[in-house]
Amino acid sequence: MSQVKSVVTAIAMLGVVALSATACASSSSPGGSGGDDVITVGFAQTGSESGWRSANTESIKEAFSAENGFDLIFNAADNKPEAQIAAVRSFINQGVDAIVLAPIVSDGWDDVLKEAKDAGIPVILEDRTVSASEDLYASWIGLDFEQEGKTAGEWVAENFGSKPTNMVILEGTTGSSAATDRQTGFDAAVAGTDITVLDSQTGNFTRAEGKTVMEGFLQKFGSEINVLFAHNDDMGLGALDAIKAAGMKPGTDIQIVTIDAVKDGMTALANGEFNFIVECNPLLGEKTAEVVKSVVAGESVDKTYIVEDQSFTQEQAKEVLDSRPY
Ligand code: GZL
């Protein structure tokens, strides 16, 4: 049901990124480990923190296959920003033709991205983005995180905004553009309502930490909590265990809104334990590979490609669950 359509939202001031083809693609280039036309790509993934991340990794590996003309060097940084920077530096030293980066956090990228630029190696961002200057990366294939948070907030405002409501928030990784922008959108949507945020802490997008933080919320506030907003399904799924262990019924005693719409989240929604999910489409591989090929060939690309999302109620989840691609 969720077609990946690259809605070209050209935010670029400079829509054109022209790179000299000889710098990257020719077999004589230091990193072109394959033949003349094989594109060697270093992919710096965040890690394997969630179901979304697994689907995203699979999508990238599928698109950057040998059959599609790529030699992919994969690194997962275990959600450690310093390890991810080291991986990018290693790709530069290997002289790859291009680097694809899913940045764990937004800050701290200026130096290594400048090193890549000085080495003539284009960097293409996928998923989250960075705070570094736009001239340090060729393009960003991502999602509108602020809209995702706004859609989640609108659902809460619509269903609870007119009565005194207490809620808690499980935030994503601190400093990640996904967490920052989702919260910005959510806050804007619930502003002026009778909703009180009792507490808001990071669960780092993982089930384990989502459960631990929710246990703390329940010890502090117990049945005062009416709503949980989790920045991703996995933290919401971890919270389910804590809510049930506290003798409360998720989806009823505490209504839950999350973001991602991965299979386990949609299953919880279909069976009434979640109440609303905003999709964040992880299938970015095809578009990212298309952009990498264009950049390496010296063709013009836009600075930003935003992949469309949608949202699901419990009824809609029941209808689409069996046909979901991830
Ligand atoms: C969003 C992505 C987030 C997901 C989480 O594009 O960066 O990271 O929402 C994942 O599930 O861990």
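The values are calculated or read from the model by the stated rules, or taken from the named source; none is laboratory data. Computed from a prediction, not measured in an experiment: that's the story for all the values here. Here the Cβ positions follow ideal geometry from the backbone for every residue, glycine too, while neighbour counts run over all protein chains shown. Surface areas here come from the heavy atoms of the whole protein model, side chains and all, with no ligands, DNA or RNA. Shrake-Rupley method; radii C 1.70, N 1.55, O 1.52, S 1.80 Å.
The criterion of at least 3 residues that are closer than 26 Å to L240 by Cα and touching a residue at least 12 places away in the same chain (Cβ under 8 Å) is met by the following strands (runs of 3 or more DSSP E) wholly inside the range 112-181: 165-171.
Sub-7 Å Cβ pairs linking a first residue in the range 218-232 that is without any contact (Cβ under 8 Å) to a residue 24 or more places away in the chain to a second residue that is open to solvent by 20 Å² or more (accessible area, probe 1.4 Å), at least 6 apart or interchain, are K220/D199, ordered by first then second residue. Here the condition is being closer than 19 Å to A289 by Cα and either of a type in the set (D, E, K, R) or not assigned by TED's automatic domain parsing to the domain that holds S294 (or both); of R89, R128, it holds for R128 alone. Within the option set L228, L283, L240, being open to solvent by 20 Å² or more (accessible area, probe 1.4 Å) and either away from the ligand (no atom under 14 Å from the Cβ) or not in a helix (DSSP H, G or I) (or both) holds for one residue only, L283.
Taken together, the residues in the range 182-218 that are over 19 Å from M248 (Cβ atoms) and assigned to a helix (DSSP H, G or I) amount to 11. Within the range 45-69, restricting attention to residues that are under 17 Å from A289 (Cα atoms) and hydroxyl-bearing (S, T, Y), the residue that is farthest from the ligand (Cβ to nearest atom) is S65. No other residue among V8, V16 is modelled with pLDDT under 95 and either within 16 Å of the ligand (Cβ to nearest atom) or within 15 Å of E286 (Cα to Cα) (or both) apart from V8.
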